[in-house]
Amino acid sequence: MLSPPLLRTLKRLALLSIGKEHVVISSLELARMLNISQQAASKHLVDLAGEELLIRQLSGRKQKVTISRKGYSLLKGEFESYARIFEDAGSLELQGIVVSGVGEGGYYLSQSEYQEQFFHILGWKPYEGTLNLELDQQAKSVLERTPIQGERTKGFSKDGRTFGGVTLFPGYIGSTPVALVIPDRGGYGRVGEFVSPYHLRRTLKLKDGDMVRVHLVRT
C-alpha cells in the first residue's frame, strides 16, 4: 500500500500532467508545491519510480516525469473509492487546477436576467466573473453520472441576442459558497466554470496552477 505522502506526490504530478505526456520539474519546484523539503521531494520521485508508478528521466537540473499505467491505475482506484463515499453522503468532491479564461464570463453574468435567476436558485447574486478549473478526466466522468441534480435557469433573448439556459450545481470551496455552471450548449467540458458572490481569485488568493477542491452538495 502506498504511503499517504507518496500518494499525495503522485496526485500532484498527475494533475500537473493533465493534457501532457509528461511534466518537466525539479525536486525544488516539487518541494515548494508540496511544502516539503527538497530532499523529501527527491526521495519521493525515486521511491515512486521504484514502485513503477512513474518514469523519470534526468534533464539537467530538472526531471522529465511520466505517470505510468500502473500509476494511473492506482489513482483511479483511489478516486473511485472517494467518489463512492461522497456520492453516498449526498455530496461530491471535485478537484482541478486554476486556469485563465477568455473573459466572457463577466459579460454573461452581468445580465440581470441571469442575476435574478441565480439569486432565486442560490440565494445570492454572483460576482461578474468566473473561476475556471481544469478538471481531471475522472472528475469529468463522475459529473456525467452524478446523482446530484442541478437546477436549471431559463434562456432568454435580449437586444437581438439569445442567451441559453444553464444548470447550477451549488457547493463550497472551503466555507466559501460557489456554484458550478454548466451551459445548455456546452455540456460537461474539461474546464469547469464556478461562480460565487465573491471574487474567488482575490478572496481565496488563487493563481493559475493552484489546485482547488470543490464540494458539490444536493439542493
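The values are calculated or read from the model by the stated rules, or taken from the named source; none is laboratory data. As the structure is a prediction and not an experimental result, all values here were calculated from the model. Neighbour counts run over all protein chains shown; Cβ positions are idealised from the backbone, glycine included.
How many residues does the range 4-57 contain that are at pLDDT 90 or above, of a type in the set (G, A, S) and exposed (fewer than 14 other Cβ atoms within 10 Å of the Cβ)?
Number of matching residues: 2.
Scan the range 51-64 and tell me whether some residue there is closer than 19 Å to G19 by Cα and part of a helix (DSSP H, G or I).
Checked the range 51-64: no residue is closer than 19 Å to G19 by Cα and part of a helix (DSSP H, G or I).
For the range 1-38, give me the residue count where each residue is assigned to a loop (DSSP other than H, G, I, E, B) and over 16 Å from the mean Cα position of the chain (by Cα). Outline the logic, then answer.
First pass over the range 1-38, keeping only residues assigned to a loop (DSSP other than H, G, I, E, B): 1-3, 17-22, 26, 35-37.
From what's left, over 16 Å from the mean Cα position of the chain (by Cα): 1-3, 20-22, 26, 35-37.
Summing the residues that are assigned to a loop (DSSP other than H, G, I, E, B) and over 16 Å from the mean Cα position of the chain (by Cα) in the range 1-38 gives 10.
Among (1) touching a helix residue (DSSP H, G or I) at 6+ places or on another chain (Cβ under 7 Å); (2) of a type outside the set (D, E); (3) under 18 Å from G106 (Cα atoms), where does R201 come up short?
In the conditions (1) touching a helix residue (DSSP H, G or I) at 6+ places or on another chain (Cβ under 7 Å); (2) of a type outside the set (D, E); (3) under 18 Å from G106 (Cα atoms), R201 misses (1) alone.
Step by step: first the residues of the range 86-115, then only those that are surrounded by 12 or more Cβ atoms within 10 Å (Cβ to Cβ) and charged (D, E, K, R), then the one that is modelled with the highest pLDDT. Which residue is that?
E113
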